[in-house]
Amino acid sequence: MKAGGSRLFTRDERGIVEPNSDMLAMALTVVGFILFISLVAHTYQVYHEKTYIVEHYRDAASLAGLLRNDPLLTAPNRPDLMDASRIESLTPADIQGLKDRYGTRYDFSFKVEAPPSYSKVVGTAGDMGVSASVPVTIRLNEIDELPGALTVKIWEK
């Protein structure tokens, strides 16, 4: 081998790696890792929320069934018929009585609706909760009875 040939090898810059070229690869790796961790965290959060809903849906449906037949909300001598006039005339003391009677573990609110003629929300709802609906018949007046729904939303106290 010639002496000039080895010198050419050490002076030829085409084979030398720049010190900053590794920075781009490292930055891309770090960004990929951060995206992966955020995706895993988001997936866990969604799984946790869905598990919460599944665990407490039965409680919300049971409470809706109890409220559907509560004497405070139903027509006299007709426990299968929700009376709109009784729902409209609920006082804060009545609402608190319902919460004391049925809300031992959860706080709740409910909505009675017969679209498009009638809709009434009783109570204020929390941000995160579980809802369940049951079909009901709503008595609007002495003549009108409409099919509707009673929706109950529960959340932890």
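The values are calculated or read from the model by the stated rules, or taken from the named source; none is laboratory data. No experiment lies behind these values; they were computed from the predicted model shown. Heads up, the Cβs are rebuilt from the backbone with ideal geometry, glycines too, and the neighbour counts pull from every protein chain shown. Each accessible area value is taken on the protein alone, full model and side chains, heavy atoms only, with ligands, DNA and RNA left out. Shrake-Rupley method; radii C 1.70, N 1.55, O 1.52, S 1.80 Å.
Ignoring lysines fewer than eight residues from Lys99 along the same chain, the ones with Cα atoms less than 21 angstrom from its Cα are Lys111, Lys120, Lys153, Lys157. When the surface is traced with a 1.4 Å probe over the full set of protein chains, His42 keeps roughly 110 Å² accessible.
Within a straight-line Cα-Cα reach of under 14 Å, Lys50 cannot be paired with any aspartates and glutamates, leaving aside sequence neighbours fewer than 8 residues apart in one chain. The stretch between Ile37 and Lys99, if pulled fully straight at 0.36 nm per residue, gains 18.1 nm over its current Cα-Cα span. Largest accessible area first, the residues Ile95, Ile138 order themselves as Ile95, Ile138 under a 1.4 Å probe with ligands, DNA and RNA left out.
Below 8 Å between Cα atoms, with a sequence gap of 6+, how large is the relative contact order for the chain in percent? Each step should come with its number before you reach the end.
Working: 181 pairs, mean separation 34.1, N = 157.
22 percent.
Taking the Cα centroid of the range 121-157 and of the range 80-103, what is the distance between the two, rounded to the nearest whole Å? So the separation of the two Cα centres works out to 11 Å. Comparing Pro116, Pro147, Pro79 in a Gaussian network model of the chain (Cα springs below 10 Å), the most mobile by mean-square fluctuation is Pro116.
For Kirkwood radius over Cα pairs in Å, the candidate list reads (1) 18.9; (2) 20.4; (3) 19.7; the entry that matches the value derived from this model is (2). Of all the options Ser38, Ser85, Ser119, the one that moves most in a Gaussian network model of the chain with Cα springs shorter than 10 angstrom is Ser38. Could you list the residues of the range 48-90 with an amide nitrogen less than 12 Å from a label point located 7 Å from the Cα of Leu146 in the Cα-to-C-beta direction? What the label zone holds, given the 12 Å backbone N cut-off, is 84. Only DSSP H runs of four or more residues enter the estimate; each adds -39500 (n - 2.57), and after division by the residues of the chain the mean residue ellipticity at 222 nm equals -16000 deg cm²/dmol.
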